[in-house]
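Worksheet for the structure shown next.
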Amino acid sequence: MSLNSSTLLNEEKSQGPKRTSECLESLELQTPSSFQDNPLQQLQLASQEVLEKAKKSGRSKCPQCSSSRMFYCYTCFVPVETVPTKEIPTVKLPLKIDIIKHPNETDGKSTAVHAKLLAPDDVTIYKYPCIPEYKEKRHEIALVFPGPNSVLVKDIAFHLQKYSKKGVCDKDDDCCREPLLKQAKIEPKEEEENLNECISNNRGEGTRLKKIIFIDSTWNQTNKIITDERLQGLLQIELKTRKTCFWRHQKGKPDTYLSTIEAIYYFLVDYHQEILKENYKGQYDNLLFFFSFMYTLIKNAKCCAGKE
């Protein structure tokens, strides 16, 4: 991402002060309704002043590898010297996130690093094929990926219990005293009612979901990862339909194909509302701290270049 951001900044400067001034004036005259298709306008974000200053000063060194980068180093997962860590928001997530990155995915174009930068304690990035074994923990892990057997976020608790060795209930609960195979003989409606009751009675344990996996790659490259035997048998989650705001949208793909950071953000919003049953008040909005800034920056650069 930082490679293109620098190029776009140079494009903007090359247009001259007059062109830039005209563009900014045009943007200011637009009414809020002009942005109604942009959900990023409604985010509750920390101040992005530090990014504005970094943009003006240009590329800076990574404090670890000394590479020249804009805003952050996508190799070391740290902000550059002109972006103090203390001025970057930190987001606490309700569960752990593993991101499996395709080896051919260009580091500078990936948004996965945003999640690591903003939620460092809860996010781990693996480069395929070096990924963990998930088989023994599949009763508490799910994979976000569309497919014929994928389920919606709201149904995670119901489906995840099938992967648990003892179901979703405590050993002393009546509905868990018999094996799941025997319980399968109960009428489907009655079985679902019993299961929901057990889930409700054990709300203190949560839904047992402790980790969620995302794949970071182009859609054409996902087959190599999604067919890996280490990911087989995991519960697959499909997100509600939402439109992407990503500026590197893949040609020929529908606008419902989200970037990695968008998928993470929308999953957590749904999880907060559907599973935690809490009102969403922007708790995870700062996951889009860099994404939203880059979105606005690039939109403005395109405007000034006469592309929009």
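Read the figures in this text as sums done on the coordinates, not as results from a lab. Nothing here was measured: the structure is a model prediction, and the numbers come from that model. Cβ sites come from the backbone with ideal geometry, for glycine too, and all protein chains shown count toward neighbours.
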Taking Lys and Arg as +1 and Asp and Glu as -1, residues besides Pro89 with C-beta under 14 Å from its C-beta add up to -2
Prolate/oblate/rounded call for the range 60-150, Cα gyration tensor, a/c under 1.5 rounded
prolate
